[in-house]
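Peer 1: Supplied in C-alpha cells, the structure appears directly below.
The values are calculated or read from the model by the stated rules, or taken from the named source; none is laboratory data. Quantities reported herein were computed from a predicted structural model and do not represent experimental measurements. Methodologically, a virtual Cβ is constructed for each residue, glycine included, from the backbone with ideal geometry; neighbour enumeration extends over all protein chains shown. With ligands, DNA and RNA removed, areas are computed over all heavy atoms of the protein, side chains included. Shrake-Rupley method; radii C 1.70, N 1.55, O 1.52, S 1.80 Å.
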Amino acid sequence: MGKTVALVVAAGSGDRAGGDVPKQFRIVAGRPLLAHAVDHLVHPRIDSIRVVIGEGQEAAYRAAIDGRAFPAPIVGGATRRQSVRSGLEALDGAERVLIHDAARPFLPASMIDRLLDALEANDGAVPGLPVVDSLIRGGETVPRGDLVRVQTPQAFRFEAIRRAHAAWTGGEAGDDAEIARAAGLSVAIVEGDPALEKLTYEADFLRVEAARLVSRTGMGFDVHAFAAGEELWLAGVRIPHDKGLRGHSDADVVLHALTDAILGALAAGDIGDHFPATDPQWRGAPSSLFLKAARDLVERAGGRIDHVDVTIVCEAPRIGPHRQAMRERIAGLLRLPAGRISIKATTTERLGFTGRGEGIAAQAVASVRLPEDR
Ligand code: MG
C-alpha cells in the first residue's frame, strides 16, 4: 500500500439523471464516469488508487476500469459514510488519503497539488468555492459572504480521518470534513475548481459531454468509371441513367467518398482498410453498409457527426432532381436531420474524364465531434 492513496467512492445504486445504470458507470464522452475519475487521479504524488463499489457491482467495475491494472475493489455499505468507512478500514498502512467521488470525475492535477500542499500544515484540506447566487431560507435572504460550497477530493492524514470515522456517531454527515472537524481535526479550505462540479442531473451530463467533445474534420474522395449494363447508385439512391458505375461493391461513389471522410475524421484509415476489395463478401454490396459502419465507429468512440458536405462531379446525369432524395437517404443512414446533409454538384466544363463522361468523381467533408482525449 502506497503512502498517499486516492479512495474513490463509486458505490451509489441510483441515477437521479434518469438513466438505467448507476451514474458512476454511465458512459460520458466515450467512457464510464468511473474511468474518467480514476484516470484523473493518476498523478506523481498519488501512490495508489482504490475504488469503493456497491454490493453486486463487481462486473460493472471491471468493465469500467477495463484494461487498467487496479487492485480489487472494496465493497462499501448502504450509505456514502459507511462506504468511506469501509474504504478507510481497507487501506492498511496509508499516510495520506484523498477521499473522492466518482460523480466529480474531471479533477485538475493542480487541485491534487493544492490539497497535498495544504495537508503539510493541517489534518485535512478540502476544495471550496464561494457561493455566488443569492440564498433564501423561508423568505429571508441568507447572507452568503462567508458561505463556501465544498467539493471533493478531500485530503486527510490517514490515521486521523480513519479514527474520526470510527468514532463518529452522528448518522450521515454532509461530508468527510464534518466528521474530521467533529473529531477536533484542523481542516483547511483551498480554492475549489468549477471542473469539479458534481454530475447529478441529466443536464449536467449533457453539459459535460458537450464540453469534452472537440471538432475534427475528415475528407474523402472517390472515382468510379461508367460501364454499360450497370445500375447507377448515388448516395444510396438508384438513379435512372443509360449506364452505371463499375466497382466491386455497388460502386456508389458518393457513399464511398462520404465513408472515407468520416473515417478521416476518426483517423481510422480508409474504406479499403475496412472493406477490402479482395474480400468476396463485399461483392455487389450496398455501400450503405460501409457508411453505417463508419457511423457506428463514431458512436462507439463517444462522438457525433455534426455535418457532411458532398460535391458530385459529372456531366450527366443531372443531380438536381435527385438532391433531396439523396439528402434524406444519407440523413437516414447517419441518423441526422436532412438539414445537416449537403449535396452539391458540378461539372468540369467537359474537361478531363468526368468532362468526357467516362465516370463520376465525388468529394466529401465530414465534421465530427469526438472526445478530446481520444
Ligand atoms: Mg469507391
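Peer 1: Would you confirm, using the coordinates I've provided, whether H274 is within 21 Å of G359 (Cβ to Cβ) and open to solvent by 40 Å² or more (accessible area, probe 1.4 Å)?
Peer 2: no
Peer 1: While we're here: Would you be able to say whether some residue in the stretch 73-94 is in a loop (DSSP other than H, G, I, E, B), open to solvent by 60 Å² or more (accessible area, probe 1.4 Å) and closer than 30 Å to A164 by Cα?
Peer 2: Yes, that holds for at least one residue.
Peer 1: Residue under question is L88, and the condition is that it be in contact (Cβ under 8 Å) with a residue 60 or more places away in the chain and closer than 21 Å to L116 by Cα; does it hold?
Peer 2: Details: in contact (Cβ under 8 Å) with a residue 60 or more places away in the chain: yes; closer than 21 Å to L116 by Cα: yes.
So L88 fits the description; yes.
Peer 1: Being more than 28 Å from the chain's Cα centre (by Cα) and modelled with pLDDT of 95 or more, is that true of even one residue in the stretch 290-310? Don't jump to the end; show me each part of the working.
Peer 2: Initial filter on the stretch 290-310 (more than 28 Å from the chain's Cα centre (by Cα)): none.
For the stretch 290-310, residues more than 28 Å from the chain's Cα centre (by Cα) and modelled with pLDDT of 95 or more: absent.
Peer 1: While we're looking at this one, here's another question. Considering the stretch 267-277 alone, what residues qualify as being within 14 Å of the ligand (Cβ to nearest atom) and outside any helix (DSSP H, G or I)?
Peer 2: The answer is D270, F275, P276, A277.
Peer 1: So which strands (runs of 3 or more DSSP E) are wholly in the stretch 153-266 and hold at least 1 residues that are within 16 Å of the ligand (Cβ to nearest atom), open to solvent by 10 Å² or more (accessible area, probe 1.4 Å) and free of Cβ contacts under 8 Å to residues at least 60 places away in the same chain?
Peer 2: In the stretch 153-266, the matching strands (runs of 3 or more DSSP E) lie at 213-227, 232-234.
Peer 1: Here's another thing I want to ask about it. Anything in the stretch 1-30 that is at pLDDT below 75 and out of contact with any strand residue (DSSP E or B) (no Cβ under 7 Å at 6 or more places or on another chain)? List them, or say none.
Peer 2: Residues satisfying the conditions are G14, D15, R16, A17, G18, G19.
Peer 1: Looking only at the stretch 91-108, which residues are touching a Leu at 6+ places or on another chain (Cβ under 9 Å) and within 15 Å of V51 (Cβ to Cβ)?
Peer 2: Within the stretch 91-108, L91, A94, V97, L98, I99, H100, A102, A103, R104, P105, L107 qualify.
Peer 1: When only residues in the stretch 282-312 that are more than 14 Å from the ligand (Cβ to nearest atom) and under 30 Å from R350 (Cα atoms) count, which is least open to solvent (accessible area, probe 1.4 Å)?
Peer 2: The residue in question is V308.
Peer 1: Give just the number: which of (1) open to solvent by less than 50 Å² (accessible area, probe 1.4 Å); (2) touching a strand residue (DSSP E or B) at 6+ places or on another chain (Cβ under 6 Å) does R104 not satisfy?
Peer 2: R104 satisfies all of (1) open to solvent by less than 50 Å² (accessible area, probe 1.4 Å); (2) touching a strand residue (DSSP E or B) at 6+ places or on another chain (Cβ under 6 Å) except (2).
Peer 1: Answer yes or no as to whether L129 is surrounded by 14 or more Cβ atoms within 10 Å (Cβ to Cβ) and within 21 Å of L34 (Cβ to Cβ).
Peer 2: no
Peer 1: Give me the pairs, please: first residue somewhere in the stretch 15-31 and open to solvent by 50 Å² or more (accessible area, probe 1.4 Å), second residue anywhere and modelled with pLDDT under 85 and assigned to a loop (DSSP other than H, G, I, E, B), beta-carbon distance under 8 Å, and either six or more positions apart or on two chains.
Peer 2: Short answer, once both residue conditions are applied: V21/D15; I27/G302; R31/G302.
Peer 1: Another question about this same structure. Looking only at the stretch 121-143, decide whether some residue is in contact (Cβ under 8 Å) with a residue 24 or more places away in the chain and assigned to a helix (DSSP H, G or I).
Peer 2: no
Peer 1: Now for a different question. For the stretch 41-72, enumerate the residues that are open to solvent by 50 Å² or more (accessible area, probe 1.4 Å) and either in contact with a helix residue (DSSP H, G or I) (Cβ under 8 Å, 6 or more places away or on another chain) or not in a loop (DSSP other than H, G, I, E, B) (or both). Give the steps one after another, and end with the answer.
Peer 2: The first filter runs over the stretch 41-72 and keeps only residues open to solvent by 50 Å² or more (accessible area, probe 1.4 Å), leaving 42, 44-45, 47, 55-56, 58-59, 62-63, 66-72.
Matches in the stretch 41-72: R45, E58, A59, R62, A63, D66, R68, F70.
Peer 1: Mind checking which residues of the stretch 107-126 are of a type in the set (A, V, I, L, M, F, W, C) and either over 27 Å from P22 (Cβ atoms) or open to solvent by less than 10 Å² (accessible area, probe 1.4 Å) (or both)?
Peer 2: Correct list: L107, M111, I112, L115, L116, A118, L119, A121, A125, V126.
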